[in-house]
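The values are calculated or read from the model by the stated rules, or taken from the named source; none is laboratory data. Because the structure is a prediction, the values reported are computed rather than measured. A quick note on method: Cβ atoms are made from the backbone with ideal geometry, for glycine too, and the neighbour counts reach across all protein chains shown. Accessible surface areas use protein heavy atoms only, side chains included; no ligands, DNA or RNA. Shrake-Rupley method; radii C 1.70, N 1.55, O 1.52, S 1.80 Å.
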Amino acid sequence: MRKLLSQCIFILIVLILSQNSNAAIKLVSSDAVLYSDALLFEELFNVPYLLNKKLYGQKIVLTDLNDQNIIILDIERHMKGILKDLLNEISMLDLKCQYSADIPAENNRPRTMYLEWKQFYEQREIKGARVRAIIKVLEKQSIILSLEINILDEKGLKQLKTEDMDLEYLRKKSARVLGVEEHAVIHSQRRFFQYINENWEAVVEFVFEQKPEWTMVIFNDQVYFKDNRQYVFQPQISPNGVYGIIKGRGVRFDPRATGTNLDILALSDLEVVLNAQKIFTESDGSFAFNGIRTGVLLTSLKGRWAQVTNFLGSNLSFTANVKANAPVSILFNSQGNNLSATEQVNGYYHATQAHNWIKARLISSTALDLAIPVHINDTQSCAGACYTSSTRSIHFGPGYAYDTIVSHEYCHFVDDTFGGITNSDLSEGCADLLAAYISQQPLIAENEPWGHSVDGNAQYPFDGQNQYLFHLQSTFSGFAWDLRKILQNIFGPAGIAMAERIVVPALIINSPHIPQAIWDIVLLDDDDGNLGNATPNFNYIAAAAQAHNLYPFIDLILVNITAPSSNQTISKAQTSQVSIIGTAQSPVGIPFQDYQLFYGSGSMPTLWIAISAPVSYPINNGILAAWDISSLPGGTYTIKLVVRSVYPAVQYHYGTTVQVN
């Protein structure tokens, strides 16, 4: 990977969105716990006057593929046009291209570029306001796979505090707090705007040569230091402090019985409070309050991404007097024979794990970054387990807060966060597949009466045989699991990561039904804008889909019959010619060959008779053919529309049944 050092600085005259004109900025006292620098951008999706827009699959012609700076300029010009279309009020946006990466073509993968522009105001960076682009660089026509726009508009810029700062005064004040001489040498100094406690602040950072491990942060005339990714109010600097580790006894993967099946689970992202100062545990459950010698430490199953409430009994919590250099070891559910305590640990652990697993594969998304309520022993909301959209919470009756069940319900929260999949079978299938991918095994709700496996051969649609409660959703989750097995068999452990990269985006694109979701996965996976050459993974996707009768991909938007309607009665006394109306097109990127209509006797014909000759041009919601029924005896008939593509050479079928009398 090569980093470009070019200063891609430009000023955009664009139109600014004013949808949030009624939004107010809440003023909060400056001594509250502050967001860490690393987490800042993840908090910006609710900021007033911040334009948030994501665009995918935009095609662009690059004038010179050999000159990286020209490529950047081409993309900037394209971005200007997009911004002008999005915004509706004139302003000046100062954007600077500060980072880019150029990943060369390798192993049949095309060259990929990543570009990032940061927004500035009065020569100071607005932290978190930026534009990001991922581009597939191709010979003829390149594709901007993802363009994420997060910029502060004109009304937002007016909220920024631009008064002059006495930097010398602030430098001396920082030195005194840090415990160095007032005239100590400055290693580095930065000025920027940062969104803190729901308000934009003008911030100055100092790093002193004498103690470069500490970054001093000043705003509102208050001095803070930044360590362990958190801002802490006026610390007592000390190499020692209170530290420890937090774990819980719960079920990593096993049936709901408690006892010998319990594991000691590290509880990451858990909130820990000491003397009103709040931090979060690391991935191994560890925490450290640098410089604090003693105090009262508080924690419970509440963290960055999950907040557990027990509806039958008390919540698990811990309170103790602690002191520096005496490690604190906390184990929730230490006895391990209490079902309620076990389920509380399970609820927190698996919801947090699901968040972190999904975030690692949807890295640019910040919408999931909130503490979802996890209700344990909740007998009011549902009999077993469920997700409630209105409160964005997940609920578990007694005995249901376990591994794949928690992951499944959390995935409904993810689905809902990105707009919600309206097709219930697809929504349930997505939740099943992610629970299986996260746990790396195919059993869902193992050992429950309604437990099932994604490693099956469910066929789409209902085949009239071997149907069961989870039949349709299992066609999609089964497809995803088969794809994982195919890629793992060919590429080893790397194949698992490939399957995750291919399938996980299906959760956020809100496909209308299962076949369309398969086709959307094909479109997202494509690497060169040409589906006809089947790169990079079309054949693997098709093989997994075919195992569940999802290949050819049936796109009901592009191939359908709208008239006559299903089960409509047609009288020969009124007409002998029936106009068949509908759509016959091939999917985007697939060359259309022709379409043809057939009919057959009964609801499941064994013999098909042509209504029309093949038609070599597509029809969009128009008359497909005229069907002569004058010589047909009365009865049930099925009309079939067949659309053929050139390559891949596949057929797309649609059928409807009518009554003739």
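If you count only protein heavy atoms with a 1.4 Å probe, what accessible area per residue comes out for the stretch 410-454, rounded to a whole Å²?
On the way: 1460 Å² over 45 residues.
In whole numbers, the stretch 410-454 has 32 Å² accessible per residue.
Once you place label points 7 Å from the Cα toward the Cβ at ALA494 and SER576, how far apart are they in nm?
With each label placed 7 Å out from Cα toward Cβ, I get 6.7 nm.
Taking R0 as 41 Å, what FRET efficiency do you get between ASN661 and SER424 from their Cβ-Cβ distance, rounded to the nearest 0.05?
Working: r = 36 Å, r/R0 = 0.87.
According to the calculation, E is roughly 0.70.
Could you tell me what percent of the accessible area of the stretch 108-198 is made up of carbon and sulfur, with a 1.4 Å probe and every protein chain present? All intermediate terms of the calculation are to be shown ahead of the outcome.
Numbers: 1850 of 4190 Å².
Using a 1.4 Å probe with all protein chains present, the stretch 108-198 comes out at 44 percent carbon and sulfur.
In a shell of Cβ-Cβ distance under 13 Å around SER389, excluding SER389 itself, what net charge do Lys and Arg (+1) and Asp and Glu (-1) give?
On the way: positive: ARG392; negative: GLU409, ASP415, ASP416.
Charge balance near SER389 sits at -2.
So who's got an amide H within less than 5 Å of the one on ILE611, skipping anything under 5 residues away but keeping other chains? H placed 1.01 Å off N, in plane.
Amide H to amide H, under 5 Å and 5 or more residues apart or across chains, ILE611 pairs with LEU597, PHE598, TYR599.
Within the stretch 351-488, what whole-number % of the accessible surface is contributed by carbon and sulfur, with the 1.4 Å probe and all protein chains included in the calculation?
Details: 2450 of 4890 Å².
Its accessible area is 50 percent carbon and sulfur atoms.
Sort 62-75, 108-121 by the packing proxy (mean of other Cβ within 10 Å over each peptide's residues), most packed first. Please list the in-between numbers first.
Values: 62-75: 16.4, 108-121: 18.8.
Most protected by this proxy first, the peptides run 108-121, 62-75.
Please pull out the direction-averaged projected area of the stretch 92-143, using the convex hull of its alpha-carbon atoms, in nm² to one decimal place. Present the calculation step by step, with values, prior to reporting the outcome.
On the way: hull surface 18.4 nm².
Hull-based average projected area comes out at 4.6 nm².
For a quick check of understanding: with a 1.4 angstrom probe and all protein chains in place, what accessible area in square angstrom does LYS54 have, to the nearest ten?
Roll a 1.4 Å probe over it and LYS54 shows about 80 Å².
Could you size up the charge dipole of the stretch 282-361 around its Cα centre, putting +1 on the beta carbon of Lys and Arg and -1 on that of Asp and Glu, and report it in debye to the nearest 20? All intermediate terms of the calculation are to be shown ahead of the outcome.
Working: 6 positive and 3 negative charges, 49 e Å.
Once rounded to the nearest 20, the dipole reads 240 debye.
How large is ³J(HN,Hα), in whole Hz, for each residue of the stretch 404-418 in order, when computed from phi with the Karplus curve 6.51 cos²θ - 1.76 cosθ + 1.60 and θ = phi - 60°, using x for Gly and Pro?
Along the stretch 404-418, the couplings run 5, 5, 5, 4, 4, 5, 4, 5, 5, 4, 4, 3, 5, 4, 9 Hz.
How much accessible area per residue does the stretch 343-397 have, in Å², with a 1.4 Å probe? Could you put the intermediate results ahead of the total?
Details: 1720 Å² over 55 residues.
Value for the stretch 343-397: 31 Å² per residue.
Using +1 at the C-beta of Lys and Arg and -1 at the C-beta of Asp and Glu, which of LEU362, ALA435, ASN423 has the Cα lying farthest in the positive direction of the dipole of the stretch 313-457?
With unit charges placed on the Cβ atoms, the residue in question is LEU362.
Could you please state how large a percent of the accessible area of the stretch 257-335 is carbon and sulfur, counting protein chains only and using a 1.4 Å probe?
Numbers: 1830 of 3710 Å².
After summing per-atom areas, the C and S share lands at 49 percent.
Taking only protein heavy atoms into account and a 1.4 Å probe, give the accessible area per residue of the stretch 114-190 in Å². Intermediate results must be reported in sequence, preceding the final value.
On the way: 3660 Å² over 77 residues.
For the stretch 114-190, the solvent-accessible area averages 47 Å² per residue.
Where does the charge balance sit around VAL242 when Lys and Arg score +1, Asp and Glu -1, over other residues with C-beta under 10 Å from its C-beta? Display every interim value, and only then the final one.
Values: positive: ARG293, LYS323; negative: none.
Residues near VAL242 contribute +2 overall.
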